[in-house]
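Notes follow once the structure below has been shown.
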Amino acid sequence: MNEKEDIVFSRNTVEFVTVAAEFCAYIERANEYSRKEFVGTMLKLLPLLYLKAQMLSSDERLNDEDLQDFVTEDSYEVLRITIAEILADRDTYLDVFVDDMKYSDTPVTKNISEDIADIYQDIKNFVCLFQIGINETMHDAIVECNNNFANYWGQTLVNTLRALHDIKYNCPEDDDDNYQDDEF
């Protein structure tokens, strides 16, 4: 096995692919869950996704060609709307890690639904590229996903996690003695 195949078939990559596929499958079934179930599962999946993404190997791409996108604007929008409907009035949160914040007189708000849809888009594209089964494509998908994690969706994930934590622990309408989720 050469060095490029080592990255593709490493334990860390296989574990990331497993968590990434689970994350995508859950997001695709989001309409089946209540807000409480959705938030509880996201609070488990997102930290695991973050951890496994950190463990991906860094490398250079083998090809200069753009990688194929599998998530369409329509499918992205359907997922975003579905998640926004689940979260309802708790979808919006204040973001303090936006560069524009230092120039703004008003708070900068973001939407959990858009953040999760953004993360999903990158992760789903990665999973689909990986499923093609061509070593060079899989290698470049890992490199691209790792770069996108470092430059974009890693911070988005952390910010979203903060907002989801607030929903779970500070949302009076969801407050009951049985908030612990058994799923996942």
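For Asn31, the test of being touching an Asp or Glu at 6+ places or on another chain (Cβ under 9 Å) and assigned to a loop (DSSP other than H, G, I, E, B) is failed. With respect to the conditions (1) farther than 21 Å from Val127 by Cα; (2) without any contact (Cβ under 8 Å) to a residue 40 or more places away in the chain; (3) in a helix (DSSP H, G or I); (4) of a type outside the set (Val, Ile, Thr), Leu87 lacks only one, and its number is (2).
Each value in this text was obtained by applying a stated rule to the coordinates, not by laboratory testing. Keep in mind that what you see is a predicted model, and the values were worked out from it rather than measured. Cβ: placed from backbone, ideal geometry, glycine included. Neighbour counts: every protein chain shown.
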